[in-house]
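The values are calculated or read from the model by the stated rules, or taken from the named source; none is laboratory data. Being a predicted model, the structure only gives us computed values, none of them experimental. Heads up, the Cβs are rebuilt from the backbone with ideal geometry, glycines too, and the neighbour counts pull from every protein chain shown.
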Amino acid sequence: MSRCRGSDSQGSEMTNESGNQEGAAEDHVDRLRRLWARELPDLNTEPMAILGRAFRLGNMVRPSIEATFAGFGLDRGEFDVISTLRRSGPPYRLTPTEMYALLMISSGGLTHRLDRLEKAGLIRREKSPQDGRSVRVALTEKGATLAEQAFRTDMASELAFLQSLDAGEREMLAGLLRKLILGIEKQVSEEGAAT
């Protein structure tokens, strides 16, 4: 069963009940929307078309990304730590406080990751020469090399997932996702300030 959203004489496209353009291939989210449209025809399922696909996309690519990092002996959290240090630029050192802010994790979560990475020889903790009490986390040469290799491999793997889009479509999608994320961040920030 199809519903017309607009009229062909006005130049509008015909869409079916899942919001999909007539004749276009149907994905899992389209099927879910079609079923919900049948059961709750008055409900707008448009958020599912965007956010549902974002969740599904994350679930589809996550195993490949995790396998890439596992190939370098890392889990995702460990890669996040060494890549944060690597992209900070020479001398690849940050304080734990700087790392909490960049990684958005608790001090306990970071400590556990640092312990494992230090044991593997990828980072070292250095006492501050100024006061001897504060600590900086430094990436070792081995850690810097591994971070770069893992990141290059991950980017090649992720690019392969995007081959169904041409360069213009990728740029457009990236821009729309950026706009959506900035809008949601603002909304969440305003809601947090109101409570």
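Assorted remarks:
- Lone qualifier among Glu78, Glu46, Glu66 - being closer than 28 Å to Asp30 by Cβ and in contact (Cβ under 8 Å) with a residue 24 or more places away in the chain: Glu46
- In the set Leu85, Leu51, Leu74, Leu57, only one residue is part of a helix (DSSP H, G or I) and surrounded by 18 or more Cβ atoms within 10 Å (Cβ to Cβ); that residue is Leu85.
Residue-by-condition table, conditions (1) at pLDDT 95 or above; (2) under 25 Å from the mean Cα position of the chain (by Cα); (3) in the same structural domain as Arg86 (by TED's automatic domain parsing); (4) within 14 Å of Phe69 (Cβ to Cβ):
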| site | (1), (2), (3), (4) |
| --- | --- |
| Gly121 | yes, no, yes, no |
| Glu126 | no, no, yes, no |
| Asp131 | no, no, yes, no |
| Val137 | yes, yes, yes, no |
| Ala147 | yes, yes, yes, yes |
| Ala150 | yes, yes, yes, yes |
| Leu159 | yes, yes, no, no |
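- When Ala138 is tested against (1) touching a Lys or Arg at 6+ places or on another chain (Cβ under 8 Å); (2) without any contact (Cβ under 8 Å) to a residue 24 or more places away in the chain, only condition (2) is not met.
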